[in-house]
Amino acid sequence: MEKLYIIVPAYNEAENIEKLIDDWYPVIERCNGGGESRLVVINDGSTDDTYTILKKCAESRPLLEPLTKENGGHGQTLLYGYRYAIKNGADYIFQTDSDGQTLPEEFDYFWEKRKEYDVILGNRRQRQDGISRKFVEDILRLILRCVFGVNVPDANAPFRLMKIDLVDKYIRKMPENFNLPNVMLTTYFVYFKEKTLFVNITFQQRQGGKTSVNIRKIIRIGWNALGDFHNLKKELKKS
């Protein structure tokens, strides 16, 4: 039976985390044909009660697997989760975030399409998290088109179903603690012509708490990633 790991990074999400589990736990139950699928929520060094709430929720939910690590940021936490899923023999990784901006009811279509495509990625065609975030995403897509020659509708959507072998293959090409792993995974999938489908998804406003990533921080991460993009492009030419 197929083994699904839903990977969710969480930082200071005490206001959201219990609702996140209530929303997504039924999804992992439905996809748990072999008894080994897991909802893996990774506490990224939160300073609030996120991890305490996670452990409490796990007492009555055997498929919920709370992990904790030192704070390293969203990208590094994703890589931590992806490597954890690979190590534990998952067949598929689905990734979403802990802020309630995505809808679990939209997952089923992704799961239905898994036999037709190796990768199914969300496309936040209409975003409710502010025009500035949309502007940053548009600039990022322009950079990817200029550097890698790929044209993608959404590079970084936190709503993606991926076959484990492709995730394993392509994260090996990145720096160990790369800050934008989802962006590069999307780039690799399209660049190497993997069987990829983009699907329009709902993207709401954050449902509670405060984001730890402001526009200035996003721009700084993107600026620092430019050098990495060019280095990764050189490696692609050798492939």
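Miscellaneous remarks
- Fraction of beta bridges assigned by DSSP in the chain that are antiparallel (%, nearest 5): 25
- For the chain, calculated [θ]222 nm from helices alone, where every DSSP H run of n ≥ 4 adds -39500 (n - 2.57): -14000 deg cm²/dmol
- Once C-alpha pairs closer than 8 Å and six or more residues apart are averaged by separation and normalised to the residue number of the stretch 27-171, the relative contact order reads 25 percent.
- The chain: C-alpha pair distances exceeding 26 Å, %: 34
- Annotation for the stretch 69-145: trypsin sites (Lys or Arg not before Pro) lying in DSSP loop with at most 11 further Cβ atoms inside 10 Å of their Cβ are LYS115.
- Stretchable slack from GLN126 to LYS195, in nm (0.36 nm times residue separation minus alpha-carbon distance): 22.4 nm
- GluC sites (Glu not before Pro) lying in DSSP loop within the stretch 52-122, provided at most 15 other Cβ fall within 10 Å: GLU59, GLU70, GLU116
- Modelled FRET efficiency - R0 25 Å, CYS146 with ARG172, Cβ distances, 0.05 increments: 0.50
- A crude spin-label estimate for the pair GLN205 and GLU235, with each label 7 Å from Cα along the Cβ direction, gives 4.0 nm.
The numbers here are math on the coordinates, done by the rules we state, and not lab data. Because the structure is a prediction, the values reported are computed rather than measured. A quick note on method: Cβ atoms are made from the backbone with ideal geometry, for glycine too, and the neighbour counts reach across all protein chains shown.
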